[in-house]
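Scroll down for the structure; my scribbles are underneath it.
The values are calculated or read from the model by the stated rules, or taken from the named source; none is laboratory data. Every value quoted in this text rests on a predicted model; they were computed, and no experiment measured them. Note that each Cβ is placed from the backbone with ideal geometry, even for glycine, and that neighbours are counted across all protein chains shown.
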C-alpha cells in the first residue's frame, strides 16, 4: 500500500522527528518562529509517555533539559535568536559536562529582538561560539521538510552516542513552510541509545574513559538508578569534582575536543550537486541552498558550469570538501541570509586557492536564485 | 525537468491568504503532485502585509518560493508594489480585487484582470471574508493547476464544520468568475 503523503510544516516535521527518535522530555519557552514545536509536543509528547514543560524563561528551560538528560531521558528544547542567546550559559554547562541534548534554533532576523517573523541565517557563528570558552558542539542545518525529520533523528543520535549537545539550526523559511512528507516507518531510520555504565555504582566515575566501549566517550549513568556523581561548571577531574590542577584541566579539555575530531566523519553530512565538471562553486546551507540548487540548473542552461556543495552538518565543518572544490573552480560563491558568517570557514578552508565571494541579504527576504545567478554572471565576465 | 506552477496570493493579514495557500497545496497532494507552500506575515494579526506562495510540480520542487510567477493575486494595495515587481513574463496572470485594491499599477508585463472577489463575497454570499475561497475557485478555473474536484475536497477538509455549503458556493462563484475572462 502506498503511504499517505501529508502537507506539514518544518516545525511539525521536527516534532515528528523528535518523537521518532524517542524524545522523553521537552522544556521550552515559546518564541516565534519556533512556537509550533512546543505546541506540537505539548499535545503529543504526553501520549508517548513523555513530559513537556513550559518553563518561566529560556534559561530555566535549558536547565530543565540538562536535569532531565542527567536522569537518562532524551531531552530537547526549541527557541529562536533572543532565546538562543539566553540559553548559552547553560549550553556551555551541557557541553562541558558532555550532557546529551538537542537545542533547536529557528533563526529569525536579528540582532536583539530583530524581526520575529523574518527569516535569517544569522546564528551560524553563535551556534559555534555562542557560549564562552573552547567547547565541543555540533550543528546541523537541514533544508527541507523531510530532511528536518531525518536531521532531528540524527541530532538525537549524535548527541546520545557521543555525549555532546547538538544544535538543530533551522530558519524561519523551512520552519514555517509546508511540503509533502511521507513519514518513515519504525525501524527505517537508526535510533541510537546512550551507553550506560559498565561498572557498579561505587566504582563509577562520570568522566572516566579508561573502559569506554567508544574511545574518549565516557559511559553515562542516569540519576535515580543508584549511581551518584557530581557535575559542575568548574574544571573537573574524571570523578566530576572540581580541580585547579592545570595538567588535569588541560587533559580533560583536550579529550572533549578530540572526541569530536575522532568521530567527525560520522557527524559530517554534505551534498554534492553537479560538482564533477563544475567551474563555478556555490557553497550553501539551509534554505539558501534551495535557491543555490535552482541557480545551478538555470546557470547550466545558460552555459555556465556551476555546481553546489551543500553543508548539512555545519559544525564540525568539513574542510576537505571546500579544499577539493577550491582546487578546481574559478571562484566560489557563498549565499547566506546574513552579512557573511560561514563564508569565513569557506575562505579558511579554500586557503587562497580561489576567490570566495558572498551573496548576502538582511532585508528579511529569502535569498532569490536570481541574486546568486547575477553574482555568478558578474564574476564570470571578469575571467 | 517539469515546469512548476508558481502561484502567489498577496494582500494583508486577516484575508485568509495563508489558509488559501495551504488548501491549494493540499489539493495538489491529493492528486499525487508535489507542493510547497510558504508565507510571509508581519507581527500584526490583521492589517499588515501578508503573502502565501504555492509551488506545484509533478517533479522535485527545488526552490520552494515563487521564482518566476505564473499567477499573482493581489487583494490589497499594500501588496501591490512588493509582490508584482518580479513579474517578467507577458503571460503571467495578475488578478486584482476590483474593490479592495484602490490603486492599479502600470505593470510592464503580465495579463492584468480586475475581478470582484470581495464584492461577490459581500453581495452574493453576505460574507466578505470568504473572498479567499472565491479567488481560489477563480485561480483553479483559470489555470487548471488542480481539478475542481480536488480543490473542493481540499477546501472541505480545512474549513470549519457548518460552513461547507457556504464554501462550496464560494468556489462555484470563483469558477464562474474565471469563465468571464477565460479565452
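Brief remarks follow.
- In the condition set (1) more than 17 Å from residue A:142 (Cβ to Cβ); (2) part of a helix (DSSP H, G or I), residue A:289 is compliant with all but (1).
- Check on residue A:34, touching a strand residue (DSSP E or B) at 6+ places or on another chain (Cβ under 6 Å), in contact (Cβ under 8 Å) with a residue 40 or more places away in the chain and either surrounded by fewer than 19 Cβ atoms within 10 Å (Cβ to Cβ) or within 14 Å of chain B (Cβ to nearest Cβ) (or both): no
- Residues in segment B:56-75 that are within 13 Å of the chain's Cα centre (by Cα) and either more than 30 Å from residue A:271 (Cβ to Cβ) or without any contact (Cβ under 8 Å) to a residue 60 or more places away in the chain (or both): B:71, B:72, B:73, B:74, B:75.
- Yes/no for residue A:143 being crowded, with 24+ Cβ neighbours inside 10 Å, in the same structural domain as residue A:24 (by TED's automatic domain parsing) and in a loop (DSSP other than H, G, I, E, B): yes
- Residue A:224 passes every criterion in (1) away from chain B (no Cβ under 14 Å); (2) touching a residue at least 60 places away in the same chain (Cβ under 8 Å); (3) under 22 Å from the mean Cα position of the chain (by Cα) apart from (3).
Per-residue answers, yes or no, for (1) over 23 Å from residue A:119 (Cα atoms); (2) in contact with a helix residue (DSSP H, G or I) (Cβ under 7 Å, 6 or more places away or on another chain):
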position: B:59; (1), (2): yes, no
position: B:62; (1), (2): no, yes
position: B:79; (1), (2): no, no
position: B:118; (1), (2): yes, yes
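- Here residue A:172 qualifies as within 14 Å of chain B (Cβ to nearest Cβ) and either in contact (Cβ under 8 Å) with a residue 12 or more places away in the chain or under 29 Å from residue A:108 (Cβ atoms) (or both).
- Sole exception among (1) under 23 Å from the mean Cα position of the chain (by Cα); (2) farther than 30 Å from residue B:49 by Cα; (3) assigned to a loop (DSSP other than H, G, I, E, B) for residue A:320, by number: (3)
- Qualifying residue in segment A:359-372 (condition: part of a helix (DSSP H, G or I), within 14 Å of chain B (Cβ to nearest Cβ) and touching a strand residue (DSSP E or B) at 6+ places or on another chain (Cβ under 8 Å)): yes
- Residues in segment A:246-261 include none that are surrounded by 15 or more Cβ atoms within 10 Å (Cβ to Cβ), in a helix (DSSP H, G or I) and within 14 Å of another protein chain (Cβ to nearest Cβ).
- If the condition is being over 14 Å from residue A:151 (Cα atoms) and more than 10 Å from chain B (Cβ to nearest Cβ), then segment A:175-187 contributes A:182, A:185, A:186, A:187.
- Check on residue B:107, on the phi < 0 side of the Ramachandran plot and surrounded by fewer than 21 Cβ atoms within 10 Å (Cβ to Cβ): yes
- When residue A:299 is tested against (1) in contact (Cβ under 8 Å) with a residue 40 or more places away in the chain; (2) under 26 Å from the mean Cα position of the chain (by Cα); (3) within 14 Å of chain B (Cβ to nearest Cβ), just one condition goes unmet, and that condition is (2).
- Against the conditions (1) within 14 Å of chain B (Cβ to nearest Cβ); (2) crowded, with 18+ Cβ neighbours inside 10 Å; (3) touching a strand residue (DSSP E or B) at 6+ places or on another chain (Cβ under 9 Å), residue A:236 satisfies every one except (1).
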